[in-house]
Each structure stands twice: as structure tokens, then as C-alpha cells.
Amino acid sequence: MTQRTSAETFEEYLPGKLLREHRAQSSRDVFVQILARRQVQENVIIPAVPEPFIVWILSGQAVVEERSPGEAWLANRVTAGDFFLTTAPSPTEMRWQAEPDIPFIVMHVYIGVAMMQECELREVSGARDETLSALLEQIRQELYLHTPPSGPFIQGIAQALAVHLVRTYGTHTKRHRGGLQAFKLHRVFTAMREGLAQPFDLARLAKLTDLSEYHFSRAFKQSTGLSPSHYFIRLRMEEARRMLSETNDSIINIALNVGYTSPSHFAAVFLRHNGVTPSHYRSDIVRSKSPTV
């Protein structure tokens, strides 16, 4: 049984149709998916993820049952507007049966680890929270009404969401989930950001945490959900997007600034992570900033 996974691979364990998505652009962002679920789902074991995450019901009614594997089932009848907040560091077993004729649609929101360093959140199942719903509705509208959705807008809502979660559901006793201590994680993040133009150096990063390369890689993935090399690429892509939207530097210079000596390799990596080429991304930004007449 898989014990843990990342937010980006979570959906491999839970069947559904992806309707909308916002991929987190930094550790202070949220990863959002809107999905149509099966009307009836038999027992499925879901691995834990590093991030606290919210499941918000957008459409339909269902009886949702959950338990730690091997324990008694706990049932909740949920309808649109209800939510679950999951923080367990171990797998959960789930099943549900939704009412027929109404699509069972949910939003998953994974809270970036950097926003929740100081507080542990308690578990919530099938509850209703008007403030949380209002914040999540802003994200839902952004995903449906704007193409592409605004990353800065969603990050702003995410910050407000994190504050609300801490105020309302925080326990102020951080449960040990494995991974790097916050100050060591910050040290690694800083080194990565300052070295985006340099080749990825696992040994140097591991040395900053006083761990072997193996143990550092394992602890880093427990903290972020990504391997160090994949997180480094994400930071490179984040900086590339910023430069494409905020500067007039050539794409070749931007590629060099984020560590790619081959423009074609840079373009291929950018396309894989963002769905468009660097030139198309820049033209979309320019077009969105142009005044309408």
C-alpha cells in the first residue's frame, strides 16, 4: 500500500474527470483541481500528501464514508457547500454513494507547505464554513471565467485562506510528519533560488542540511511532495514566467538566466510544465495587458 504521494499524483489513486486546474507556482501557492467524481465509489485507499488539503463539494449530494484502514467507518451526508479538511500523515480509506441525476463535482485545494509552517490543523469532515466557501468561490470563479486564470490573484486568495484555516482550525501543536525542519527547508529554498542559473547540485544542497544525499532527498520530498531536482525545475519555471511577463529580455537570455544553455531544451521544459511555449506565453501576457477598444 502506498503510504504517501504528492498533490500532483494524488488523482492517480482516485478516479474522476478533471474539469479545471491551477498548478501551484511556488510553495506559498495552492494547487487546485475541480473534478467530476463517480456517482458510486467502492472502497479506495488514498495515500497521505504532505500538504493539508480541502475537498469542497460544488455539486450533488452524497453519503461519504471514511476511516483509517482497518478501523470503523464514519459516515457523513454532504451537499454542495460542505467541505472536508484532511491533514492525516497516514493513508485514508474512503467510499461514497452520490444521489443520481446530479453530477458529483468537487474542488480539491492543496495548501502550500510554506504557508502552514507554524501551525497544525485539525481534521474536519462534512462541515460548512461560510468564510471558507466565500474564499473558495473566488478561486472557482477565477478558474472558470478567466483563461488562463491569474496566478497572483489565486495566490492572494490562498494567503487569506491559510490565515482563516489557522484561526479557525489551528491546534498550535505541530504534529511530526517527517521531512526537514522549517529553517533548513528555508535554507535550501534560498540556495535553490540564488542558484537557478547553475547546474543542479544535490551534494551542495544536502550539505546545507547536514544530511547525506539520500536522507536529504527523502526528507525534502516528505516536506514538499517533490524531489529536490523536480522542485528546482519548478523554481526555474516560476522565474522564467516572471521574466517573460515582467521584462523585455530575449527568450535566449531568459533561458540562460534559469540555467539552460540550449534554447530548444528550455522551450521543451517550459512547454511540458506550462502547456505553452515561452514565446506563446509572452504573447498571451502582452495580449492580456493590451487595452480593449
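The values are calculated or read from the model by the stated rules, or taken from the named source; none is laboratory data. From a predicted model like this one, the values you see are computed outputs, not experimental measurements. No Cβ is skipped: glycine too gets one built from the backbone with ideal geometry, and neighbour counts run over all protein chains shown. Heavy atoms of the whole protein, side chains included, go into the accessibility calculation; ligands, DNA and RNA do not. Shrake-Rupley method; radii C 1.70, N 1.55, O 1.52, S 1.80 Å.
Only one item in (1) 1.13; (2) 1.06; (3) 1.45 matches Cα Rg over 2.2 N^0.38 Å derived from the coordinates shown, and that item is (2). Quick check: pseudo-label points 7 Å beyond the Cα along Cα→Cβ at ALA160 and GLN138, how many nm apart are they? According to this spin-label approximation, the distance is 0.2 nm.
The modelled label-to-label distance for the pair LYS207/LEU18, using points 7 Å beyond Cα in the direction of Cβ, is 3.8 nm. Atom-type composition of the exposed protein surface of the chain places 53 percent of the accessible area on carbon and sulfur (1.4 angstrom probe). Peptide packing for 223-236, 202-215 was compared via the average number of neighbouring C-beta atoms within 10 Å per residue; ordered from the highest value, the list is 223-236, 202-215. Take the Cβ atoms of SER245 and THR131, set R0 to 30 Å, and the FRET efficiency comes out at 0.45.
Whole-Hz Karplus values for the stretch 222-235 come out as 5, 7, 10, x, 10, 5, x, 5, 5, 5, 4, 5, 4, 5 Hz, taken residue by residue from phi with 6.51 cos²θ - 1.76 cosθ + 1.60 and θ = phi - 60°; glycine and proline positions read x. Take every pair of alpha-carbon atoms less than 8 Å apart whose residues are at least six positions apart; their mean separation over the length of the chain yields a relative contact order of 17 percent. Springs join every pair of Cα atoms under 10 Å in this Gaussian network model of the chain, and among ALA80, ALA72, ALA160 the largest mean-square fluctuation is at ALA72.
Accessible area per residue for the stretch 105-171, computed on protein heavy atoms with a 1.4 Å probe, is 44 Å². In this structure the stretch 217-276 gives 47 Å² per residue of accessible area when probed at 1.4 Å with all protein chains present. If you run the Gaussian network model on the chain, springs between alpha carbon atoms under 10 Å, then out of GLN138, GLN61, GLN155 the most flexible one is GLN138. For the stretch 35-109, chymotrypsin sites (Phe, Trp or Tyr not before Pro) meeting the loop criterion (DSSP other than H, G, I, E, B) and having at most 11 other Cβ atoms within 10 Å: TRP73. Helix 182-194 and the longest principal axis of the C-alpha atoms of the chain enclose an angle of approximately 40°. In plain terms, the chain from SER262 to ASP101 could stretch by 52.7 nm, reckoned as 0.36 nm per residue minus the Cα-Cα distance. Mean residue ellipticity at 222 nm, helices only, the chain: -12500 deg cm²/dmol; runs of at least 4 DSSP H residues each add -39,500 (n - 2.57), and the sum is divided by the number of residues.
Couplings 3J(HN,Hα) for the stretch 203-214, derived from phi with the Karplus relation 6.51 cos²θ - 1.76 cosθ + 1.60 (θ = phi - 60°), are 4, 5, 5, 4, 4, 5, 10, 6, 10, 5, 4, 5 Hz, where x marks Gly and Pro. Among ALA160, ALA24, VAL44, whose Cα sits farthest toward the positive end of the charge dipole of the chain (+1 at Cβ of Lys/Arg, -1 at Cβ of Asp/Glu, about the Cα centre)? Positive-end residue among those listed: ALA24.
If you take the Cα centroid of the stretch 66-143 and the Cα centroid of the stretch 22-42, the two points sit 11 Å apart.
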